[in-house]
Amino acid sequence: MTNKKPNSTSAAITTEELDPELPFESALEELEQLVEQMEEGTLSLDESLKAFERGVALTRHCSSALSEAELKVQALTEDNELVDFEAADPDER
């Protein structure tokens with residue numbers, strides 16, 4: 001992981017909706033950076049809440065990506081062929 005530290009903490013934390021096409025690795029890296037910022041204890045309450053909200057969204061995104069990958073592996077193992085499928089919304093579980 002790279003040690004990218006933003007100049008302004010609040011500028012680094014965004015609550016905008018996640019791009020569904022965000023790669024797993026990028027989401028995980030951003031989540032790790034948020035955890036580091038929160039562990040430092042230098043965020044304001046508002047920034048901490050935004051970081052937590054973003055972290056929850058990133059965690060759900062990563063969990064969904066892992067579930068999808070697991071289902072693809074299972075489908076490949078069963079039929080010896082990779083099959084596309086519709087993944088369930090993680091909020092509906």
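For the range 48-64, filtering for residues that are closer than 12 Å to E17 by Cβ, over 8 Å from the mean Cα position of the chain (by Cα) and buried (at least 19 other Cβ atoms within 10 Å of the Cβ) leaves 1.
For the range 75-92, indicate whether the set of residues that are modelled with pLDDT of 65 or more, under 17 Å from I13 (Cβ atoms) and surrounded by 10 or more Cβ atoms within 10 Å (Cβ to Cβ) is non-empty. No; the residues of the range 75-92 include none that is modelled with pLDDT of 65 or more, under 17 Å from I13 (Cβ atoms) and surrounded by 10 or more Cβ atoms within 10 Å (Cβ to Cβ).
The values are calculated or read from the model by the stated rules, or taken from the named source; none is laboratory data. Note that the structure is predicted; figures quoted are calculated from it, not measured. Here Cβ is always computed from backbone atoms with ideal geometry, including for glycine, and neighbour counts include all displayed protein chains.
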